[in-house]
Amino acid sequence: MEEHQQHLISFKPTHRRSSSSATDTTITHESLKHFVQSTEQLTSRKRRLQDHHQPSFSVLTLLIQTLPSLLVSVLGGILTGLLLEHVQDWTAFVRVPELYILLPVLMNLKGNLEMNLAARLSTSANVGDLDTPKGRNSLVKGNLTLLQVQAIIVSFTASLLSFTLGVLSRNNLPTLRIASTKPIVGAIVQSKLPSINWNTPLQGGYSECLLVLAAGMLAASVNSLLLGGLVCGLVIACRILKINPDNITTPIASSLGDLMTLIFLSLTASIFIRYAERSILTTTTFMILTCSIILHVYFTYKNEYVRGSLKVGWTPLFMAMLISTCSGLVLEKVVIKYHGFAVIAPVLTGICGNIGTISVSRISTSLHASKPLGDVSLRPSSSSSIERKSNQFLKDDHSDLDLEEDTHSSSSCSEEEVLKDQLDIDLDFDPTSSSSSTDEPVRKVGIVLLLLSTFILAGFALIHLSLDRLNPSKSSVLSGLDWRFFIGFMICVVWTSTISLLSANYLTKFLWKFNLDPDIYAIPLLSSTIDLIGQLSLVITFIFFT
């Protein structure tokens, strides 16, 4: 009996070792298989990075590509102002004053969404992800569905906030002012409110609430579909023509975003106002758009390229809205006080903000391209370590644990080293490290963009001053401004542009250091901050130079 027990005792370790050996063999095989698949993906992307056309820096090329986009942004800002003057007397805006509050809020949030889309796609184009038909189709479809999710949720928030502020204003709260995310537009709107009859048939009830929600959400959804498709097409065209999309897409997305938001909000509100009393059309539209969020979230989550973007990017959007709202509350009275402020400020902040977004997009692309293979999730050691540890704790005898673990680790390390040497892949890169080296010539690009903004804004101011001098009998929006103000204005331009470029550089690298994608986080924060700084600087210019 004792011999039999001894036989069993001596047999069990042998049985455990054979089982452990089989398990380790399976784990090693699975780990190696996972590693080979990962390295094949990394090798494929590395080959695309080596084969695709990397846009090289040239001062002349930067000038040729950037100047038209900045001029388009100026033209878009002017057209937006002219259209606003035209639609302010439409029936929808007269009967539903909340649309005045909704417009600047929606313009700010939607503009940031389109600029983020342009920056993400520009980075994808420059690192070669758009070079294959499969990757291109997946990226475009995924980004468009993601944009729909963001646009509908953001427009719902903005519409609800605008309706609430409008209702509180009707209750004659003396301390409440319009919290405009675009302070200039908000100031123009505020100056128009006294002439609006607040005692209209729509007095803050269910019908008016649904009208504001449906108009804002439908305008944002249609605008995102059209403008998002335009941005995607523009990036792909730039890729085909070997043009750097970082120099073009963000200014165009910003200017066209404001213009198209105003157009579609005016059109949708004008249609819904005819059926406001019944509210059937607005309720149906609201329900369809709300249910469509689930469908868009599903398709976005199924897309591996943009799945992770569903949970990120919301904080900077609403932080930007908060910053711009505070600037609107502070500058509201100042905007109306100084004649000509409402014309100069949008162009100043638009150009200075656009050169900052161009810089952000270029630096972010360079950072992504310099460390394109640094996805730590593809490391095989992390994929099998948990499974290996759980299997080890199922053993009865832990005496061989250290030996087996050392043997397995050495074999895995040797296999990993061999494949790393053969494929020349940097698997040890940590994206959270403090290294943020980039091949982007930040100083040269900054100087070129600074000169561009200076000359464009100088030409804008000179044209207005010249028209005022040539037609003294006709009062212009800049009447009373002289060459002394022009000097102060140019100081303001250089100051604001410099802050924009420096902030773009340091903010982008700061976010990258903490493993936050600058294409998502940097642009909303930068654009809202430059709006505030630019308008405060212009106020100081008016105080000391007029």
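The values are calculated or read from the model by the stated rules, or taken from the named source; none is laboratory data. If you're wondering where the values come from, they're calculated on a predicted model, not measured in any experiment. Cβ coordinates were reconstructed from backbone atoms using ideal geometry, including for glycine residues, and neighbour counts include every protein chain displayed.
Structural remarks
- Any chance Leu295 is within 19 Å of Asn137 (Cα to Cα), more than 21 Å from the chain's Cα centre (by Cα), assigned to a helix (DSSP H, G or I) and not basic (Lys, Arg): yes
- Test: residue in the range 110-125 that is farther than 27 Å from Met319 by Cβ and in contact with a helix residue (DSSP H, G or I) (Cβ under 9 Å, 6 or more places away or on another chain): yes
- Pick from the range 296-320, criterion surrounded by fewer than 17 Cβ atoms within 10 Å (Cβ to Cβ) and among the hydroxyl-bearing types (Ser, Thr, Tyr), ranking: farthest from Ser221 (Cα to Cα): Thr315
- Residue pairs whose Cβ atoms lie under 7 Å apart, sitting 6 or more positions apart in sequence or on different chains, and linking a residue in the range 72-86 that is within 22 Å of Cys352 (Cβ to Cβ) to a partner that is of a type in the set (Phe, Trp, Tyr), are Val74/Phe460.
- Among helices (runs of 4 or more DSSP H) entirely within the range 70-175, having at least 3 residues that are closer than 30 Å to Thr454 by Cβ and at pLDDT below 85 singles out 98-126.
- If you go through the range 508-518 and keep only what is hydrophobic (A, V, I, L, M, F, W, C), assigned to a helix (DSSP H, G or I) and under 16 Å from the mean Cα position of the chain (by Cα), you end up with Leu511, Trp512.
- Hits in the range 353-388 (condition: of a type in the set (Ser, Thr, Tyr), under 21 Å from Arg239 (Cα atoms) and modelled with pLDDT under 90): Thr365, Ser366, Ser370
- Within the range 110-126, residues that are in contact (Cβ under 8 Å) with a residue 60 or more places away in the chain and on the phi < 0 side of the Ramachandran plot have Cβ atoms under 9 Å from residues that are small (Gly, Ala, Ser) and not in a helix (DSSP H, G or I) in these pairs: Leu113/Gly313; Asn116/Gly313, counting only partners at least 6 apart in sequence or on another chain.
- Filter pass, Phe455 being surrounded by 14 or more Cβ atoms within 10 Å (Cβ to Cβ), assigned to a helix (DSSP H, G or I), among the aromatic types (Phe, Trp, Tyr) and at pLDDT 50 or above: no
- For the range 324-331, the count of residues that are surrounded by fewer than 21 Cβ atoms within 10 Å (Cβ to Cβ), modelled with pLDDT of 90 or more and of a type outside the set (Asp, Glu) is zero.
- When the range 94-133 is limited to residues that are in contact with a Lys or Arg (Cβ under 9 Å, 6 or more places away or on another chain) and among the hydrophobic types (A, V, I, L, M, F, W, C), the one that is surrounded by the fewest Cβ atoms within 10 Å (Cβ to Cβ) turns out to be Val127.
- Residue satisfying condition, being closer than 30 Å to Ser73 by Cα, at pLDDT below 90 and either touching a strand residue (DSSP E or B) at 6+ places or on another chain (Cβ under 7 Å) or among the small types (Gly, Ala, Ser) (or both), within set Ser255, Ser221, Ser279, Ser266: Ser255
Per-residue answers, yes or no, for (1) within 16 Å of Thr357 (Cα to Cα); (2) surrounded by 19 or more Cβ atoms within 10 Å (Cβ to Cβ); (3) within 18 Å of the chain's Cα centre (by Cα):
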| site | (1), (2), (3) |
| --- | --- |
| Leu502 | yes, no, no |
| Tyr506 | yes, no, yes |
| Ile520 | yes, yes, yes |
| Ile530 | yes, yes, yes |
| Gly534 | yes, yes, no |
| Leu538 | no, yes, no |
| Thr541 | no, yes, no |
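- Residue in the range 472-488 that is surrounded by 14 or more Cβ atoms within 10 Å (Cβ to Cβ), more than 19 Å from Gly340 (Cβ to Cβ) and at pLDDT 90 or above present: no
- Matching residues, the range 274-292, being in a helix (DSSP H, G or I) and crowded, with 17+ Cβ neighbours inside 10 Å: Thr282, Thr285, Phe286, Leu289
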